[in-house]
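Single-structure report; data block below.
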Amino acid sequence: MNPSFPRVSSVDILRGLVMIIMALDHTRDFFHVTAMTADPLDEDTTTLWLYFTRWITNYCAPVFVFLSGLSAYLSSRKKTTEEASIFLFKRGLWLILAEVIIVTFGLTFNPLYHIIVLQVIWAIGCSMIILGILIRISFKAVLITGLVLLLGHNILDYLNVTSNIWKVLFTALGTIVPITNTRFVLVLYAIFPWTSAMLLGYCVGHYFRQDIPAAIRKRFLLIAGSTATALFILLRSINKYGNPVPWEMQKDTLATVLDFFDVSKYPPSLDYLCMTLGPALLLLLVFENAKGKWQEIVKVYGAVPFFYYVVHFYLLHFLMVIIFFISGYTTKDIVDPDVLMLFRPATFGYSLPIVYLIWILVVASLYRPCQWFARYKKTHTNWWLKYF
């Protein structure tokens, strides 16, 4: 048997839920007709359904990173501090390598790697390395660093940051770093704001120890989740700090509400992290006593998040290649200079209902593979399984 840490049902349910929702956003990127030509959160051009489709997926990345930190705490319980630190460092390096080689190819299908895309797996990998360093100092160091990064990184909104290093660390949104004349790194996820989510997730893991009474954990989740959510509403209402772009009164009430909730993911602002992690903490509380077949199904996806994440990209892209040729496109259309994905012309795509249908089919088709891999991890002790 695999001697990994005991799985926490509420964590797997929440992680499984956000993994399922995450696939909706990526399905939209691959298959929605305006995914490459319009901003789904632009209140002047979007529809309510399209806005919601994009907005709800805001919860995926921060919860994914946060729960990675929480899981890191639980897994470290069976290790010495030095062992936990070394493991986090090695797993972080592995995730960065996986982002560069495995995930980038799944996204682009470009075997020559003309562009390397650094997204959430890169952010998690870097954050794990930082966490591995901090736990050697103390738990308090992890907590203080997480809070300082969370509450303070938006100070840079008022500074003129021009260095690529600072952009990659704090403010990356499409920061392009050239490697050669024909190869580039596209940094979509700044490191430190996402690191704050992992560090705080690690600290919250303390309340999921087996020796912590459930009543204390539930009280903490209620207070912390409510406080973070209230802080989002307060900061967004004051409209002076916490997001690079303030909201403005729009042409009507609905458009104003949409603008209010349109907060920065790239990089994740304080408002964004409070808006997403606050409700996530409350959902951990709600899911603690969840029952029924639905939660057993959702937990399957949450038990093998990295496996699911990688496979769903490849499945979506292979499916897109098939539909690309069926739709009448030819080899001359494989490369669109305005789109980083091959086999994805900017004008390619379908309506939102078709996107939802493809999403449901893809997620459903991954249930059995995820179930198999979860069982495999439980019954095997191969060293490499610790990194998945």
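A few notes on this one:
- Residue in region 65-91 that is nearest to the chain's Cα centre (by Cα), counting only those that are in a helix (DSSP H, G or I) and charged (D, E, K, R): Arg91
Results for (1) farther than 30 Å from Leu112 by Cβ; (2) surrounded by fewer than 12 Cβ atoms within 10 Å (Cβ to Cβ); (3) in contact with a Gly (Cβ under 9 Å, 6 or more places away or on another chain), shown as yes or no for each residue.
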site	(1), (2), (3)
Arg183	no, no, no
Met198	yes, no, yes
Gln210	yes, yes, no
Lys218	yes, no, no
Leu235	yes, no, yes
Asn243	yes, no, no
Met249	yes, yes, no
Val257	yes, no, no
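- Within the option set Phe220, Phe232, being of a type in the set (A, V, I, L, M, F, W, C), over 20 Å from Val142 (Cβ atoms) and in contact (Cβ under 8 Å) with a residue 12 or more places away in the chain holds for one residue only, Phe232.
Yes/no matrix, rows are residues, columns are (1) closer than 25 Å to Leu319 by Cβ; (2) in contact with a strand residue (DSSP E or B) (Cβ under 8 Å, 6 or more places away or on another chain):
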site	(1), (2)
Val8	no, no
Leu14	no, no
Phe31	yes, yes
Ala38	yes, no
Ile56	yes, no
Ala61	yes, no
Leu112	yes, no
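- Condition check for Val168: at pLDDT below 95, part of a strand (DSSP E or B) and surrounded by 15 or more Cβ atoms within 10 Å (Cβ to Cβ): no
- Screening Pro353 against (1) over 21 Å from the mean Cα position of the chain (by Cα); (2) surrounded by 13 or more Cβ atoms within 10 Å (Cβ to Cβ); (3) at pLDDT 95 or above leaves a single unmet condition, (2).
- Here the condition is being in contact (Cβ under 8 Å) with a residue 60 or more places away in the chain and among the hydrophobic types (A, V, I, L, M, F, W, C); of Val257, Val310, it holds for Val310 alone.
- Hits in region 36-46 (condition: in contact (Cβ under 8 Å) with a residue 24 or more places away in the chain and over 18 Å from Trp247 (Cα atoms)): Met36, Thr37
- Only one entry in Phe109, Phe139 is on the phi > 0 side of the Ramachandran plot and either buried (at least 16 other Cβ atoms within 10 Å of the Cβ) or of a type outside the set (Gly, Ala, Ser) (or both), namely Phe109.
- Members of region 124-163 found to be within 15 Å of Ser269 (Cβ to Cβ) and assigned to a helix (DSSP H, G or I), listed by number: Leu149, Leu150, Leu151, Gly152, His153, Asn154, Ile155, Leu156, Asp157, Tyr158
- Condition check for Ser75: closer than 30 Å to Ile137 by Cβ, of a type in the set (Ser, Thr, Tyr), in contact with a Lys or Arg (Cβ under 6 Å, 6 or more places away or on another chain) and surrounded by fewer than 22 Cβ atoms within 10 Å (Cβ to Cβ): no
- The set of residues from region 28-51 being in contact with a helix residue (DSSP H, G or I) (Cβ under 7 Å, 6 or more places away or on another chain), in a helix (DSSP H, G or I) and over 21 Å from Phe324 (Cα atoms) comprises Trp49, Leu50, Tyr51.
- For beta carbons closer than 9 Å, sequence separation of 6+ or different chains, a first residue in region 370-386 that is under 13 Å from Phe306 (Cα atoms) and modelled with pLDDT under 95 and a second that is assigned to a helix (DSSP H, G or I) and of a type in the set (Ser, Thr, Tyr), the qualifying pairs are Leu385/Tyr376; Lys386/Ser75.
The values are calculated or read from the model by the stated rules, or taken from the named source; none is laboratory data. Owing to the predicted nature of the structure, the values given are computational and were not obtained by experimental measurement. Neighbour counts run over all protein chains shown; Cβ positions are idealised from the backbone, glycine included.
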